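The values are calculated or read from the model by the stated rules, or taken from the named source; none is laboratory data. Worth saying up front: this structure is predicted, and the values here are computed from it rather than measured. Glycine gets a Cβ as well: all are built from the backbone with ideal geometry, and neighbour counts include every protein chain shown. Remember, those area values only see protein heavy atoms, side chains included, never the ligands or the DNA or RNA. Shrake-Rupley method; radii C 1.70, N 1.55, O 1.52, S 1.80 Å.
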Amino acid sequence: MKAFVVIGAGYGDEGKGLVTDYLTEKTGSRVVCRFNGGSQAAHTVNRAGYRHVFNTMSSGSLAGADTYLSNQFIVNPYVLFDELVTMSKNWKLPRVYCHPSARVTTIFDMAINNILEMSRGDGRHGSCGLGINETVVRCCESKYSLNVADLYDKDALIHKLKLIKNEWVPHRLCQLGLSHIVEKYHDRTNHILLNDDFELHAEQLRKICNHVLPVSTKLNHLVNDTIIFEGAQGLGLDQDLGHFPHVTRSYTGLFGAIHAMGYFDVKEIQPVYVTRAYVTRHGAGPLEHEGEIDSLAHFDATNVPNTWQGSLRFAPLDLSVLRHMITKDWMRHVDASRITILPPQVTITCLDQQDAIFSYDVNGHHMCHDDPMKFVEYVEDQIGFRVKLASFGQTANDVCEL
């Protein structure tokens, strides 16, 4: 079995949804695995006149693939249920398989995340407010850990929610210096941390039980000869490669994907690193060369300004950074002696959005390119990795293989 691993080479928002949709159609893959992150992802797919932003389900869904959520994925039942409802109005729902030990976000995690971020004022970290980090921290304590398998026993789930609300929440708030929450923060989070209706909390989490199939055995029978692994965020936000604290709590690259392959007999991996023709970053954190390109020329319907992350930020593509990130991720994979890992392939998206493409070469020289295809050749020569795909629009039909 061959695996294509779609990895963001920047700070997210590179076009991973488009590339996953394209590869699913091209390879005929029947399953796409979301191997890291959680509902903070926003992967946009345009297909047959329908536009959908995927937060939990895979970006191969519209091309007919089922979704597998790995053991490293963080499931937010509130977001997933809303996504299922929205998608069912326009499209046939795929099956959603899930590793039983995938961690589950509660409403309490999101409330703590929201209050913490609001309390930082102008020093916000750029969180999406969906409780990703809070879920990871809580689940490190086995007593308070909540997994997908726990959702199917309502009484046990209620018991666990009581423990989380009555013991973990005050402990965590104390850790964060938030023991005395001002009323305005309770107002803005709908008084969730004061709500003891555990029956309701359990029912809200269990809404996905009729749609998600926890699996604990090999899934080879679901796959033909190819599977797609879809990453979230990008290498610039990887918990080891990014700049702390402006990172996500996961391995966003090849390292994370390999850890998620346990249920599949993958023999060969093709890493596919995705970058726009420029760099974007949502939320706080460093962005070298920010402001050197016109942000008004780049409309993005998915990444609109919001309370938590502000406006999407833009900068020219720095090829030394791109080469460094891809090389470092490719070289750090875990013991994979049983798997052949092929040399990286690169995809460049958004080539249709600029009349002139600005970049920095590997020696730090500022460059201007008038021809998109010559820019693609230039990137390939500079970084030393093959540019396999180039995108000139928003659909799989706008992707060309080089």
- Give the accessible area for C209 in Å² (nearest 10); use a 1.4 Å probe, count only protein heavy atoms, and leave out ligands, DNA and RNA. 20
- Note on the structure: For the pair S311 and I181, the simple spin-label estimate (label points 7 Å beyond Cα toward Cβ) gives in nm 3.2
- Expressed as an acute angle from 0 to 90° and rounded to the nearest 10, what is the orientation of the C-alpha long axis of helix 319-331 relative to the principal long axis of the chain? 60
- Cβ-Cβ cut-off under 12 Å around V19, Lys and Arg +1, Asp and Glu -1: the net charge is -2
- Message: Based on alpha-carbon centroids, what's the gap between the stretch 203-253 and the stretch 52-82 in Å, whole number please?
- Response: 9
- Compute the relative contact order of the chain as a whole-number percentage, counting only Cα pairs closer than 8 Å that sit 6 or more residues apart in sequence. 23
- On the full set of protein chains, 1.4 Å probe, figure out the accessible area of T217 and give it in Å² to the nearest 10. 90
- Task: Could you calculate the contour length gain from C209 to K143, that is, 0.36 nm times the residue separation minus the distance between their Cα atoms, to one decimal place in nm?
- Result: 21.5 nm
- Environment charge at T105 (Cβ cut-off 10 Å; Lys +1, Arg +1, Asp -1, Glu -1): 0
- Compute the label zone of K154 within the stretch 172-207: residues whose backbone N is under 15 Å from the point 7 Å along Cα-to-Cβ. 198-207
- Item | Protein accessible area in the stretch 327-375, 1.4 Å probe - carbon and sulfur % | 53
- Name the aspartates and glutamates eligible as straight-distance cross-link partners of K218: C-alpha to C-alpha under 18 Å, and not fewer than 8 places from it in the same chain. D66, D265, E268
- Item | Candidates A65, A48, A284: whichever shows maximal mean-square fluctuation once the chain is modelled as a Gaussian network with Cα springs under 10 Å | A48
- Item | Heavy-atom SASA rank of R120, R313, R188 (probe 1.4 Å, accessible area, largest first) | R188, R120, R313
- Item | Average accessible surface area per residue within the chain, 1.4 Å rolling probe, Å² | 41
- Under the rule rounded for a/c under 1.5, else prolate if a/b exceeds b/c, else oblate, using alpha carbon gyration tensor axes a ≥ b ≥ c, the stretch 1-74 is classed as rounded
- Heavy-atom accessible area with a 1.4 angstrom probe orders L200, L241, most exposed first, as L200, L241
- Item | Cα-based reach from K374 at 16 Å (exclusive), listing lysines while leaving out same-chain residues under 8 positions away | K388
- Task: With everything on Cα atoms, drop me the angle between helix 107-119 and the longest principal axis of the chain, reported from 0 to 90° to the nearest 10.
- Result: 70
- On the formula 1/(1 + (r/R0)^6), with r taken between the Cβ atoms of N195 and D361 and R0 of 51 Å, the FRET efficiency rounded to 0.05 is 0.40
- Query: Taking a 29 Å limit on the Cα-Cα distance, which of the listed pairs K2/K143; K92/K328; K16/K160; K16/K184; K162/K184; K154/K184 fall beyond it?
  - Reply: K2/K143; K92/K328; K16/K160; K16/K184; K154/K184
- Fraction of accessible area attributable to carbon and sulfur, the stretch 197-277 (%, probe 1.4 Å): 50
